[in-house]
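See structure below.
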Amino acid sequence: MKLALIGFGTVGQGLATILRDRGETLRGDYGFDGQIVAVSTARRGSLYDPNGLDIVALLENAQDFSGYPESEGLQRGWSTEQIIREGNADAVVEVTPTDITSGQPAIWHIQTALESGKHAISANKGPAALAFRDLNTLAKANGVEFYNEATVIGGTPAIRLGEELLAGSGITEMRGILNGTTNYMLTRMEGGATYMEALTEAQRLGYAETDPTADVEGHDAAAKVMILANVLMGGDLKNADVPRQGISALSLEEVQDALKNGEHYKLIGKVWREGGQTKASVELMRLPGSDPLAGVAGADMAITYSTDLMRHATISGAGAGAIPTGFALLSDLLAIHRKSHHA
Ligand SMILES: NC(=O)c1ccc[n+]([C@@H]2O[C@H](COP(=O)([O-])OP(=O)(O)OC[C@H]3O[C@@H](n4cnc5c(N)ncnc54)[C@H](OP(=O)(O)O)[C@@H]3O)[C@@H](O)[C@H]2O)c1
């Protein structure tokens, strides 16, 4: 499968590292041969070779493509649009920064890929949160796939669990810890840190951005509930449809008082069906210790699926980082590979 990576930062390099280190196993065990033919970035230019880029050399020169060795088919400086439209990739991997207000330019990248008959997989939350229905319709019309496993709980297969393994069980509700930064901060506050101390620590560890608004005010969690609603419950929610709360008003005293009573504050994203409609919210909740989400600590995340046929199923695990998120992208590529071989 020939791949074009649009964006080559943490996650794009995570996927390339996995393909470099596991290529042989993936070919031997799954018959999957992932070959990167193009990478495109904002400031470092692009590389395209229809015969496949050398992954070892690509990773060695990831910060400055000028050191990447010349070869017969190599093209430097193709635009992202040229790579998507004219390149020979089978799948476009969208890993540019998320813009959760407009979803651009990622929506346009994915739309262009699907229109060009190429599969699109994305770690970027914008397209699946803001334009899932249209993009999914476009994918179907063009006989290709649009997959988003990496957008919710990174490497932990939350979307595929709901979409494939729980198919037919009748999912009635999803409740989850969908933001690792705030969960880390809440865990630190349970350990005695003030809100500001927990935030500073999260920033020092690279969990929180310099401007932490997207995490602490619940915007990131809201994007993820929109994705779950859209992908798993047929919703078409807009930002304004999701009532949202963050953790910035929570005091150390409140967290400690809950703890004394065996309870835990958690930022919970919820999606459910009501009166034939898909609803979603992000709410700061005080959970009893018996709730499966109450014990999910640190930067880990989790989702509990409630179903008609088998009550509850909870999955939890690592949410972010180059390799877990790269793995989520790989799982989408393997799903496309399996599907095309069973077709
Ligand atoms: N990091 C994680 O753990 C994680 C987990 C789950 C999901 N995600 C999502 O995955 C996506 C990528 O995250 P990341 O951490 O890899 O980000 P990153 O390290 O900032 O890398 C972003 C890459 O996109 C490139 N880029 C920016 N605008 C572009 C454009 N218009 N056209 C082509 N390339 C462009 C950048 O180029 P330059 O290098 O030249 O600036 C850079 O290579 C984001 O949407 C993020 O929300 C990340």
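With the condition kept exactly as written, say whether any residue in the range 93-101 is touching a His at 6+ places or on another chain (Cβ under 7 Å), within 11 Å of the ligand (Cβ to nearest atom) and farther than 30 Å from V242 by Cα.
Checked the range 93-101: no residue is touching a His at 6+ places or on another chain (Cβ under 7 Å), within 11 Å of the ligand (Cβ to nearest atom) and farther than 30 Å from V242 by Cα.
Looking at the range 108-145, which of its residues are open to solvent by 10 Å² or more (accessible area, probe 1.4 Å), outside any loop (DSSP other than H, G, I, E, B) and either within 12 Å of the ligand (Cβ to nearest atom) or out of contact with any Gly (no Cβ under 9 Å at 6 or more places or on another chain) (or both)?
As a first pass, look at the range 108-145 and keep what is open to solvent by 10 Å² or more (accessible area, probe 1.4 Å): 108-109, 111, 115-119, 123, 125, 130-134, 136-138, 140-145.
Still in the running and outside any loop (DSSP other than H, G, I, E, B): 108-109, 111, 115, 119, 125, 130-134, 136-138, 140-141.
The answer is W108, H109, Q111, E115, H119, K125, D134, N136, T137, L138, K140, A141.
Any residue at all in the range 151-172 that is out of contact with any strand residue (DSSP E or B) (no Cβ under 6 Å at 6 or more places or on another chain), over 17 Å from A229 (Cβ atoms) and open to solvent by less than 10 Å² (accessible area, probe 1.4 Å)?
yes
Here is a list of conditions, (1) within 15 Å of the ligand (Cβ to nearest atom); (2) touching a residue at least 40 places away in the same chain (Cβ under 8 Å); (3) open to solvent by 30 Å² or more (accessible area, probe 1.4 Å); (4) part of a loop (DSSP other than H, G, I, E, B), and A89 meets all of them except one; can you say which number that is?
For A89, the exception is condition (3).
Of the residues that make up the range 248-255, is at least one of a type in the set (V, I, T) and surrounded by fewer than 17 Cβ atoms within 10 Å (Cβ to Cβ)?
No: the range 248-255 contains no residue that is of a type in the set (V, I, T) and surrounded by fewer than 17 Cβ atoms within 10 Å (Cβ to Cβ).
Could you please tell me which pairs satisfy a Cβ distance under 8 Å, a separation of 6+ or placement on different chains, a first residue in the range 194-215 that is free of Cβ contacts under 8 Å to residues at least 40 places away in the same chain and closer than 21 Å to V255 by Cβ, and a second residue that is surrounded by fewer than 19 Cβ atoms within 10 Å (Cβ to Cβ) and polar (S, T, N, Q)?
Pairs that qualify, where the first residue is free of Cβ contacts under 8 Å to residues at least 40 places away in the same chain and closer than 21 Å to V255 by Cβ and the partner is surrounded by fewer than 19 Cβ atoms within 10 Å (Cβ to Cβ) and polar (S, T, N, Q), are Q203/T210; P212/Q203.
Residues in the range 27-44 that are away from the ligand (no atom under 16 Å from the Cβ) and either touching a Gly at 6+ places or on another chain (Cβ under 6 Å) or modelled with pLDDT under 95 (or both): how many? Walk me through it before giving the result.
First, pick out the residues of the range 27-44 that are away from the ligand (no atom under 16 Å from the Cβ): 27-35.
After this cut, where a residue has to be either touching a Gly at 6+ places or on another chain (Cβ under 6 Å) or modelled with pLDDT under 95 (or both) as well, the list is 35.
Looking only at that region, the number is 1.
The values are calculated or read from the model by the stated rules, or taken from the named source; none is laboratory data. No experiment lies behind these values; they were computed from the predicted model shown. A quick note on method: Cβ atoms are made from the backbone with ideal geometry, for glycine too, and the neighbour counts reach across all protein chains shown. Note: areas computed on protein heavy atoms with side chains; ligands, DNA, RNA excluded. Shrake-Rupley method; radii C 1.70, N 1.55, O 1.52, S 1.80 Å.
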